[in-house]
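Below is one structure; the comments refer to it alone.
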Amino acid sequence: MSFDYDLFVIGGGSGGVRAGRVAAETGAKVALAEEYRMGGTCVIRGCVPKKLMVFASGYSERMDEAAKYGWDVTGGEFDWQKFWPHMRSELDRLEGIYRTNLGRPGTTIYDQRATIVDPHTVQLADGSRHTTKHILVATGGTPFKPAETPGIELAGTSNDVFLMEELPKSILIVGGGYIACEFACIFNGLGVATTQYYRGAQVLRGFDEEARGHIAELMQGRGVNLHVGTDVMAMEQRDGGIWVKASNGDQAVYDKVIYATGRTPNTQGLGLEEAGVKLGRGGKILVDDYSQTNIPSIFAVGDVTDRVNLTPVAIREGAAFVETVFKGNPTKVDHSNVASAIFTQPEYGAVGLTEEQAAEQEEIEVYCAAFRPMQNAFIGKEERVLFKLIVSKANRKILGAHIIADGAGELIQMVGVAVKMGATKEDFDATVAVHPTMSEEVVLMKTPTRTA
Ligand code: NDP
């Protein structure tokens with residue numbers, strides 16, 4: 001049977017674009033449909049604009065430090081009107097690059113929504129139908145807001161932050177995950193009075209407990225008004241802002257409320273159930289190690305499968321799909337020891353297991369150093385960095401590494417290579433320090449802080 005395409009990709013984000021481009025480079029006839037903007041969450045309303053905002057917001061702290069180092073700095077206000085158009089034009093530029101790279105090997109791009117009609121047919125919003133040998137669903141995720149909270153329609157999500165025409169004077173961030181903590185630090189750094197509510201006992205559930213406590217302390221130290229064990233009871237439009245009643249009894253009016261309470265897979269109305277594709281909890285697409293669904297011609301990669309929801313993982317999954325299906329080389333993605341960073345200020349980089357996970361698995365040694373780096377000590381800044389290694393007693397391998405420091409995202413990428421290679425504590429010990437740096441501590445911790 002002949003088809004219009006060898007591959008039809010639904011979703012122009014990190015995973016879909018990579019798969020579409022690489023498949024087309026093998027000579028396959030490929031189409032990709034995207035209903036919003038090319039580049040997906042990462043480029044348009046996630047990692048990239050977020051990181052630009054992280055850069056922008058970091059300068060306030062730097063200006064204070066510069067003054068203490070002897071610079072004659074006259075700090076000013078942050079001007080969103082200068083930054084925002086620049087950020088948007090940068091996103092336009094990146095979107096153009098994505099589009100060009102995807103189109104170069106001959107991919108047909110449809111700027112409209114696509115839905116699945118049957119295992120080999122896709123329908124576009126204009127009503128046209130296209131047959132295809134394989135379908136790849138790479139539609140990502142979408143922000144979730146708890147519908148039962150009264151007034152929830154007044155609150156925005158991370159999607160709205162990048163479309164704000166004005167910087168609010170005050171903001172409430174709800175949630176305690178990656179996005180909530182990152183945005184709390186960003187707005188705080190930009191000079192916005194920032195409050196954060198998290199319903200649980202400590203932010204960043206699932207991360208190393210010691211590191212969670214450390215990062216929460218530093219966020220508060222820098223000015224984030226963080227309340228744990230606190231949730232929103234109700235919201236109303238009042239006094240030109242949003243009035244919020246909290247479970248701890250607090251009431252206040254904020255210019256903006258942003259919910260960062262998780263993301264759900266983007267599978268609604270795609271025709272997946274009708275085509276017989278099995279979905280899991282929260283609507284995620286269930287796939288095997290090769291990203292194949294229970295329907296042999298339909299595959300899925302990235303956040304829509306809710307495995308490890310990170311851009312570089314989606315890209316790997318997209319590339320592995322092409323290896324498997326178009327290059328005759330069945331390839332699984334190894335989801336173990338994926339390093340990641342939370343771009344709080346300072347940043348938190350982690351790879352491997354937390355102390356709690358490791359201790360549950362086997363006997364461990366924990367090496368931990370929390371100290372004021374030279375750059376902070378000189379100006380009397382109290383903020384401490386944290387370097388932590390979790391080591392297997394049995395085979396001496398580094399099971400986990402956790403770093404909280406400026407630039408921890410960059411540092412954990414390097415440590416991640418060693419951990420992925422299976423480095424032992426003795427390999428770290430044998431590495432000569434780079435002096436004077438704060439990260440030399442990672443090879444200088446000689447005595448375990450504790451064993452478990
Ligand atoms: P997370 O799942 O990390 O966090 C969701 C937060 O919302 C949790 O603190 C959760 O609390 C809370 N929450 C959930 N439901 C409710 C509710 N009904 N009421 C109140 N609070 C609630 O999601 P994010 O949205 O922060 O991030 C989504 C994903 O995006 C991440 O998992 C990550 O994979 C990715 N990401 C990665 C980044 C990076 O690499 N730097 C940056 C941003 C996102 P509880 O803990 O109690 O469940």
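The values are calculated or read from the model by the stated rules, or taken from the named source; none is laboratory data. Computed from a predicted structure; not experimentally measured. Every residue, glycine among them, receives a Cβ derived from its backbone with ideal geometry; neighbour counts consider all protein chains shown. In case anyone asks, the SASA skips ligands and DNA or RNA and just uses the protein heavy atoms, side chains included. Shrake-Rupley method; radii C 1.70, N 1.55, O 1.52, S 1.80 Å.
Working only within the stretch 399-417, note down all residues that are in a strand (DSSP E or B) and open to solvent by 10 Å² or more (accessible area, probe 1.4 Å).
L399, the sole residue that qualifies.
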Next on the checklist: Cβ contacts < 9 Å: first residue closer than 14 Å to T261 by Cβ, restricted to the stretch 173-191; second residue modelled with pLDDT under 95 and more than 11 Å from the ligand (Cβ to nearest atom), any location; separation 6+ or different chain. Result?
Outcome noted: none
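Does L7 satisfy the criteria of being open to solvent by less than 10 Å² (accessible area, probe 1.4 Å) and either touching a His at 6+ places or on another chain (Cβ under 6 Å) or at pLDDT below 95 (or both)?
Yes: the conditions hold for L7.
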Item to check | Those residues of the stretch 69-87 which are surrounded by 14 or more Cβ atoms within 10 Å (Cβ to Cβ) and either basic (K, R) or part of a helix (DSSP H, G or I) (or both), in sequence order | outcome: W80, F83, W84, M87
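Here is a yes/no grid of residues against (1) out of contact with any Pro (no Cβ under 6 Å at 6 or more places or on another chain); (2) in contact (Cβ under 8 Å) with a residue 24 or more places away in the chain; (3) farther than 18 Å from A418 by Cβ:
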| residue | (1), (2), (3) |
| --- | --- |
| A300 | yes, yes, yes |
| A350 | yes, yes, no |
| C368 | yes, yes, no |
| R372 | yes, no, yes |
| E382 | yes, yes, yes |
| K397 | yes, yes, no |
Next on the checklist: Anything in the stretch 343-364 that is open to solvent by less than 30 Å² (accessible area, probe 1.4 Å), away from the ligand (no atom under 16 Å from the Cβ) and outside any helix (DSSP H, G or I)? List them, or say none.
Outcome noted: I364
Next on the checklist: Name the single residue that is nearest to E25 (Cα to Cα) among those in the stretch 102-114 being touching an Asp or Glu at 6+ places or on another chain (Cβ under 8 Å) and surrounded by fewer than 20 Cβ atoms within 10 Å (Cβ to Cβ).
Outcome noted: P105
Checklist entry - Which residues, taken from the stretch 142-201, are of a type outside the set (D, E), near the ligand (Cβ under 8 Å from one of its atoms) and under 20 Å from G40 (Cβ atoms)? => result P143, F144, S158, G177, Y178, I179
Checklist entry - Scanning for something farther than 26 Å from E323 by Cβ, away from the ligand (no atom under 16 Å from the Cβ) and of a type in the set (F, W, Y), does the stretch 60-73 turn up at least one residue? => result yes
Checklist entry - Would you pick out the residues in the stretch 115-163 that are out of contact with any Ser or Thr (no Cβ under 9 Å at 6 or more places or on another chain) and surrounded by fewer than 14 Cβ atoms within 10 Å (Cβ to Cβ)? => result D126, G127, S128, A147, E148, P150, E153, L163
Checklist outcome for this item: In the stretch 202-213, anything open to solvent by 10 Å² or more (accessible area, probe 1.4 Å) and within 12 Å of the ligand (Cβ to nearest atom) is listed as Q202, R205, G206, F207, R212
Checklist outcome for this item: Given (1) over 26 Å from D406 (Cα atoms); (2) more than 22 Å from the chain's Cα centre (by Cα), A193 misses just (1)
Item to check | Check on F428, touching an Asp or Glu at 6+ places or on another chain (Cβ under 6 Å) and either open to solvent by less than 20 Å² (accessible area, probe 1.4 Å) or free of Cβ contacts under 8 Å to residues at least 60 places away in the same chain (or both) | outcome: no
Checklist entry - Just to be sure, is L52 modelled with pLDDT of 95 or more and within 22 Å of the chain's Cα centre (by Cα)? => result yes
